[in-house]
1. Does residue C:68 qualify as being in a helix (DSSP H, G or I) and either away from chain B (no Cβ under 12 Å) or under 24 Å from residue A:46 (Cα atoms) (or both)?
2. Examine segment C:48-62 for a residue that is touching a helix residue (DSSP H, G or I) at 6+ places or on another chain (Cβ under 8 Å), crowded, with 24+ Cβ neighbours inside 10 Å and at the interface with another protein chain (Cβ under 7 Å from one of its Cβ atoms), and state whether such a residue exists.
3. Just one of C:108, C:120 is touching a helix residue (DSSP H, G or I) at 6+ places or on another chain (Cβ under 6 Å), surrounded by 16 or more Cβ atoms within 10 Å (Cβ to Cβ) and modelled with pLDDT of 90 or more; which is it?
4. Could you check residue B:413 against (1) under 18 Å from residue B:349 (Cβ atoms); (2) free of Cβ contacts under 8 Å to residues at least 12 places away in the same chain and say which number it fails?
5. Does segment B:319-338 include one or more residues that are part of a loop (DSSP other than H, G, I, E, B) and in contact with a helix residue (DSSP H, G or I) (Cβ under 7 Å, 6 or more places away or on another chain)?
6. What is the number of the single condition among (1) away from chain C (no Cβ under 14 Å); (2) in contact (Cβ under 8 Å) with a residue 24 or more places away in the chain that residue B:466 does not meet?
7. Any residue at all in segment B:244-253 that is in the same structural domain as residue B:377 (by TED's automatic domain parsing), more than 25 Å from residue B:397 (Cα to Cα), modelled with pLDDT of 85 or more and in contact with a strand residue (DSSP E or B) (Cβ under 9 Å, 6 or more places away or on another chain)?
8. Look through A:21, A:10, A:55, A:60 and report the one residue that is free of Cβ contacts under 8 Å to residues at least 40 places away in the same chain, over 30 Å from residue A:129 (Cβ atoms), assigned to a loop (DSSP other than H, G, I, E, B) and out of contact with any helix residue (DSSP H, G or I) (no Cβ under 6 Å at 6 or more places or on another chain).
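The values are calculated or read from the model by the stated rules, or taken from the named source; none is laboratory data. What you see is a predicted model; the values in this text were computed from it and never measured. Neighbour counts are summed over all protein chains in view; Cβ atoms, including those assigned to glycine, are modelled from backbone coordinates with ideal geometry.
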């Protein structure tokens, strides 16, 4: 009995290290890409921090935050915990997962919503006190973008008839879900893109910085917000890859893990280029109008069509 | 033949027009005015403080004058006496005039006290004069949002106090506390040589225009006639700096909107234009090139060919920049219908330049007056209709195209003349005299008033257009959202150097 | 610690004047100051270097001191342009008080009216090479 628990603990410990490693490597590569690609698209060269073409950039960025004198706020500690919690339920392969839950899609989405909520709280609290007015506005901006995302996830779940991410990937051994749900994929990508722009990895966003100017934990705390910022982006991309692009399934003779990485970076690159081609998107009225008039109705139509399809196929056996 | 005839009609018409108004002033205001002069297509009156209010009323209500716009009020000291300088202009009759009001008191504090007393009476006649009153009580009583001056260029010399209803602005107040300078401290009794080198700092985004303005004034005083080649070179330089200033404006707009690619591309293009300017004058933004009676140095024939060759590249790049910025539906949706300004509001604030033209008023000094040799060149005055931010951006693009057209005409046939050496300033001998001159700079009409004796400049008063734009911003901000404040103020192209005076 | 900060500097450009457009011109593609890891920020808390340029009256000076106090350690100061280094060209009487100079310790002076973008970049590179003690 005792030995069994030990083995389980060892496996979990090994998986934690793996996940940390994956996260750290992705952090370095993505921040390097953001530095280089965004500079190239602006006709510039980008930060040449070290001799190896700017590979030292992520480490310098981290060390800079650590070197400033600062204190840590309470909300940033919450952010740190949740940006790690989010990775406990998401599988990176058939075996690499920390906590095996039956409905881990539900848990992941829940964790993500809580993480973003903490983002908002952290951004709205300053040494002057909590700014309610802007907080509610930001929550509305951010969470109205979630609605099309939730709709497309729901219609995908209807097709695959499971809430387990590993089963969803297993379902796509023959055809990827993007074939069944092309509209859902586009809506999901749009939603992820808008969230990426709002959280502002590339340039400063008003959502995260407007009240932050007087915040206490600006040194190490900023590092944490930055890391959890990346964490939200990774979550969105990983979820899209798992749900629509068949996760770690092999493609002909190519290894599934390599395919996972390839798909992740193709999506990342796409979002980065789209970001450069569009202006800042934190105009409240424009965002809300586009969202409620355009994206949400399409996702609702997509959801209804899927339901009709589901009923015809599974209840009346017509298709 | 036809050209000479046209020139004759054109210039004489203007002169007759101003002569008529001068005669009218002599007739109507004979007892109340001490002196009337015509200084280079503008009128200049001297009067006592006691008769000011009645004169202003007469000027406003008499249809012969029909003055509706107050452009500026300045307090200054001339010949040991404190004076007010009031700039007025009429839209219907197309002329402008300056009133020099002699105040009673001779001390520093007494004059300020008088200034404070006289302003409320002026406000009752011209409402736009309230901008020049001290309104500190507004800042404390009602404001919900305060924007401190920011790092942004063009958004850095004033604070914004807003009273808001949720996110719609009710009332705005722009406070220029950090850029305010007492008028006694500026340009007192400096030599003309010093002033010539430093005057371009007033309008730093297009430094050639203050120099040009000063030189035109002094040339008029000394009665110097400048050769055609010099005039063409001056026009060439001023159009080049107009292009660079407008491109910089586009860069600022792109920065506010967050369009990174357009921002960097416009900065790159600005460098190309500045390179040409640097090749001719030797400096990027403060050229110190235009001298009294000429220019610093004539350029070689191949330079003109070079400029002409690089024009097509600039044209292409500006066109590309326009498509990059304005063919984007997100950007146009943001620009459209924000900061809409009526024709009447724009006129009442005394706004000039592209901001006024975007609201649908065809007023351009290059066309409306005999400014240098602009009448020989063919170009259009870019016009808007609705006066929103989108139109203010578009009008700058159109002006760039027109400037390129002008430069193309100049470089293709530059008259081949011998350029005389500029006048030696140290030997200038003049009686005490006053002069007004104005040029059309990228922000609006840049006007200076100078008082000179020998080669000393006793007073230089800069009446820049940016102040009027600031008041204009106060008027158009109400009704817009708080998020758009930056954008609207950036779209007015406020140059903080002019606010300093 | 300062050697860690200096490779990734945030600049806070205070004041207004002609030097400002030349400083921002350095961020364009031609001069490209960001390849040395230099960014411009509008929040004093985030910035490492305070760039003083342009014209200041009494109100502006007091605001500058406030910005300086809000910046976190380690911090450096660069003074750009004739207005700050010596006196204003348009108005000889306006310059910084001596008391002001005692509070703010300027590390580098960039002369010129306005200095070219290259001159500003040279000052930044000197700062990166050998950051003075703070």
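1. On the way: in a helix (DSSP H, G or I): yes; either away from chain B (no Cβ under 12 Å) or under 24 Å from residue A:46 (Cα atoms) (or both): yes.
For residue C:68, the condition - in a helix (DSSP H, G or I) and either away from chain B (no Cβ under 12 Å) or under 24 Å from residue A:46 (Cα atoms) (or both) - is met.
2. Yes - at least one qualifying residue is present in segment C:48-62.
3. Working: C:108 fails: modelled with pLDDT of 90 or more.
The unique qualifying residue is C:120.
4. (1)
5. At the first step, the residues of segment B:319-338 found to be part of a loop (DSSP other than H, G, I, E, B) are B:327-328, B:336-338.
Filter again for in contact with a helix residue (DSSP H, G or I) (Cβ under 7 Å, 6 or more places away or on another chain), leaving B:336, B:338.
The answer is yes, given that some residue of segment B:319-338 is part of a loop (DSSP other than H, G, I, E, B) and in contact with a helix residue (DSSP H, G or I) (Cβ under 7 Å, 6 or more places away or on another chain).
6. Only one criterion is unmet by residue B:466, namely (1).
7. Going residue by residue through segment B:244-253, those that are in the same structural domain as residue B:377 (by TED's automatic domain parsing) are B:244-253.
With the extra rule that they be more than 25 Å from residue B:397 (Cα to Cα), the set shrinks to none.
The answer is no, given that none of the residues of segment B:244-253 is in the same structural domain as residue B:377 (by TED's automatic domain parsing), more than 25 Å from residue B:397 (Cα to Cα), modelled with pLDDT of 85 or more and in contact with a strand residue (DSSP E or B) (Cβ under 9 Å, 6 or more places away or on another chain).
8. On the way: A:21 fails: assigned to a loop (DSSP other than H, G, I, E, B); A:10 fails: assigned to a loop (DSSP other than H, G, I, E, B); A:60 fails: assigned to a loop (DSSP other than H, G, I, E, B).
Testing whether each residue is free of Cβ contacts under 8 Å to residues at least 40 places away in the same chain, over 30 Å from residue A:129 (Cβ atoms), assigned to a loop (DSSP other than H, G, I, E, B) and out of contact with any helix residue (DSSP H, G or I) (no Cβ under 6 Å at 6 or more places or on another chain) leaves just A:55.
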